[in-house]
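The values are calculated or read from the model by the stated rules, or taken from the named source; none is laboratory data. Please read these numbers as outputs of a predicted model, since none were measured by experiment. Heads up, the Cβs are rebuilt from the backbone with ideal geometry, glycines too, and the neighbour counts pull from every protein chain shown.
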Amino acid sequence: MNSTPTLTKKGWQDVKDRFADLSSGNSKVSSLLSQDQEKVLQTIGQMEYWLDDKFRLPGTSIRFGWDTIIGLVPGVGDAVTAALAMYLVWNARQLNIGRWTQFRMISNILFDTVLGAVPLVGDLFDVAFRANRKNLKLIMKELDKRKSKNA
């Protein structure tokens, strides 16, 4: 069974629009990555989409994902979303992301988990903070640095 979440055509287009490097064959970072690493990067992008941006509040531009919904369950929900977010860090390790970036990613997750645990206010915070998107941007930034360093 495939453990990678699948996206609808519209959903994947949203991911491609926000992070074109994840899906284009002539990506800024694709020459640095093996085919397996590119798949890992796509998985990270898909997970970020599902956790932070899957749904839109009707009549607004406010987007939220499963991180916010699961986080509504007191106590357990925040632990589950933290575990899902740590899966992104584990995938980042497969891309040989530096320890400092991994530390920053884990810090984002801890900050999101601790503040997200506050009833109601924490759930609103989850919508605004989007730790998974911040972590994806950290990964992309490091890969771009690596690309410019090798150029």
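Please go through the stretch 70-112 and pick out each residue that is among the aromatic types (Phe, Trp, Tyr) and in contact (Cβ under 8 Å) with a residue 40 or more places away in the chain. Steps first, please.
Going through the stretch 70-112, the residues among the aromatic types (Phe, Trp, Tyr) turn out to be 87, 90, 100, 103, 111.
Answer for the stretch 70-112, where residues must be among the aromatic types (Phe, Trp, Tyr) and in contact (Cβ under 8 Å) with a residue 40 or more places away in the chain: just TYR87.
Going by what's in this entry, would GLU38 be described as at pLDDT 90 or above, under 17 Å from MET140 (Cα atoms) and not aromatic (Phe, Trp, Tyr)?
No.
Give the stretch 31-86 a look and list any residue that's in contact with a strand residue (DSSP E or B) (Cβ under 6 Å, 6 or more places away or on another chain) and either assigned to a loop (DSSP other than H, G, I, E, B) or over 25 Å from ILE97 (Cβ atoms) (or both), or say none.
Result: PHE55, ARG56, ARG63, PHE64.
Could you identify the single residue in LEU41, LEU33, LEU51 that is more than 17 Å from the chain's Cα centre (by Cα) and in contact (Cβ under 8 Å) with a residue 60 or more places away in the chain?
Values: LEU41 fails: more than 17 Å from the chain's Cα centre (by Cα); LEU51 fails: more than 17 Å from the chain's Cα centre (by Cα).
Selected residue: LEU33, the only one of LEU41, LEU33, LEU51 that is more than 17 Å from the chain's Cα centre (by Cα) and in contact (Cβ under 8 Å) with a residue 60 or more places away in the chain.
Condition first: crowded, with 20+ Cβ neighbours inside 10 Å, part of a helix (DSSP H, G or I) and among the β-branched types (Val, Ile, Thr). Can you find one or more residues in the stretch 138-148 that meet it?
Yes, that holds for at least one residue.
Here is a list: TYR49, TYR87. Which entry is at pLDDT 90 or above, within 22 Å of LYS141 (Cβ to Cβ) and surrounded by fewer than 17 Cβ atoms within 10 Å (Cβ to Cβ)?
Details: TYR49 fails: surrounded by fewer than 17 Cβ atoms within 10 Å (Cβ to Cβ).
Just a single option satisfies the conditions, and that option is TYR87.
Output the residue which, of all residues in the stretch 112-124 that are part of a helix (DSSP H, G or I) and over 15 Å from the mean Cα position of the chain (by Cα), is surrounded by the most Cβ atoms within 10 Å (Cβ to Cβ).
Step one: list which residues in the stretch 112-124 are part of a helix (DSSP H, G or I), which gives 112-116, 121-124.
Pick out the ones that are also over 15 Å from the mean Cα position of the chain (by Cα) and you get 114-116, 121-124.
Working: VAL114: 13, LEU115: 15, GLY116: 25, VAL121: 10, GLY122: 21, ASP123: 19, LEU124: 13.
In this case the residue turns out to be GLY116.
May I ask you to list the residues in the stretch 53-107 that are out of contact with any Ser or Thr (no Cβ under 9 Å at 6 or more places or on another chain), among the polar types (S, T, N, Q) and under 12 Å from ASP126 (Cβ atoms)?
none
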